[in-house]
Amino acid sequence: MFQFGFNMFPDIPRPFNRSYKCFSVSMFPGNEREDVERGGKIIMPPSALEQLTRLNICYPMLFKLTNQKMGRITHSGVLEFVADEGKVYLPYWMMRNLLLDEGELVNIESVSLPVATFSKFQPQTCDFLDITNPKAVLENCLRNFACLTSGDMIAINYNSKIYELCVLETKPGNAVTIIECDMNVDFAPPVGYTEPEKVKEKEEDNMIDPVDLMPEPSGFVAFHGTGNRLDGKRKKKDTVETGGTPTKREYQRGIPHYDYEPNTLVFLRNIKPASAHKENKDPVNDEFKAFFGEGCSLRQSKNNQKKE
């Protein structure tokens, strides 16, 4: 008979806790690693991966970074295990948050964080307002991050420019993981931003009379002056002579066509004013009528020729 044993009590994952000398990504040997600088993950030595495997660590691997000397804390994920033994490489913005210099010790401890549901950021410059869709830009940049910590100053790279954002708030905790989560994002006004003051003006001040917009004639004025006859006689003047100085022409407002109908064309003709003896007649009959009147023939009739 064979007895089959079942592991009713699986191994409880033990925490990973070690101290390393930290360096910025610019000190990493080999080619420049811009992918590390643009995200929130670190590079650890291969021995850390072996120890994490023996400890039955949970995935995704999240770590708590502590500067015990200054009492500063942040959280990050791991990108690769290719660093030299006893060293870890951090993004420069993460070293500034921890107040670490090159070669100082940092304590790294494995942790488990809740999944993020909400986060609020505050840009540090007003240049962030020039981005057309800041939420989409932030969502794309946060793909290189594993977790967020309240109070951190993260840096994102967009359009060859670095923008710093302060993490003001995270829910449901002060430190959350943002891997495969549905997180709501909000922005606070940038540092130094002031709302533009709205100047309220009275409606009367905003009303402008079109007469005021008409500029006074200056310099050359077309069709202005007096005329002379070729035969030397004086021109009859219907108006009273002035002292030779042209009078200012008064501005007359146009009369709008209130009976205008859309999609129609109206052709206006100059009609001579009715004489004084026709003022009492029906105005309807005095209107212009097309092709109305009497005709004359250039060829004389035979009766008229005989009379002559």
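Can you tell me which of GLU32, GLU85 is modelled with pLDDT under 90, of a type in the set (Asp, Glu) and in contact with a Ser or Thr (Cβ under 8 Å, 6 or more places away or on another chain)?
When all the criteria are applied, what remains is GLU32.
Would you please list the contacts, defined by Cβ atoms under 7 Å and residues six or more apart or on different chains, that run from a residue in segment 70-96 that is over 21 Å from GLU34 (Cα atoms) and not assigned by the TED database to the domain that holds ILE178 to a residue that is open to solvent by 60 Å² or more (accessible area, probe 1.4 Å) and assigned to a loop (DSSP other than H, G, I, E, B)?
Close Cβ pairs (under 7 Å, with a partner that is open to solvent by 60 Å² or more (accessible area, probe 1.4 Å) and assigned to a loop (DSSP other than H, G, I, E, B)) amount to MET70/LEU99; ARG72/LEU99.
Evaluate segment 97-111: report whether one residue or more is under 15 Å from VAL176 (Cα atoms) and modelled with pLDDT of 90 or more.
Among the residues of segment 97-111, at least one is under 15 Å from VAL176 (Cα atoms) and modelled with pLDDT of 90 or more, which makes the answer yes.
Any chance you could count how many residues in segment 49-63 are within 25 Å of GLU180 (Cα to Cα) and modelled with pLDDT of 85 or more?
7
At least 1 residues that are within 39 Å of the chain's Cα centre (by Cα) in each: list the strands (runs of 3 or more DSSP E) lying fully within segment 62-113 that qualify.
62-67, 72-80, 87-90
Matching residues to (1) open to solvent by less than 60 Å² (accessible area, probe 1.4 Å); (2) farther than 23 Å from ILE179 by Cα:
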position: ILE42; (1), (2): yes, no
position: LEU79; (1), (2): no, no
position: LEU113; (1), (2): yes, no
position: ALA116; (1), (2): yes, no
position: ASP130; (1), (2): no, yes
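The values are calculated or read from the model by the stated rules, or taken from the named source; none is laboratory data. What you see is a predicted model; the values in this text were computed from it and never measured. All Cβ positions, even for glycine, are placed from backbone atoms using ideal geometry, and neighbour counts span all protein chains on display. Just the protein is used for accessible areas: all its heavy atoms, side chains included, with ligands, DNA and RNA removed. Shrake-Rupley method; radii C 1.70, N 1.55, O 1.52, S 1.80 Å.
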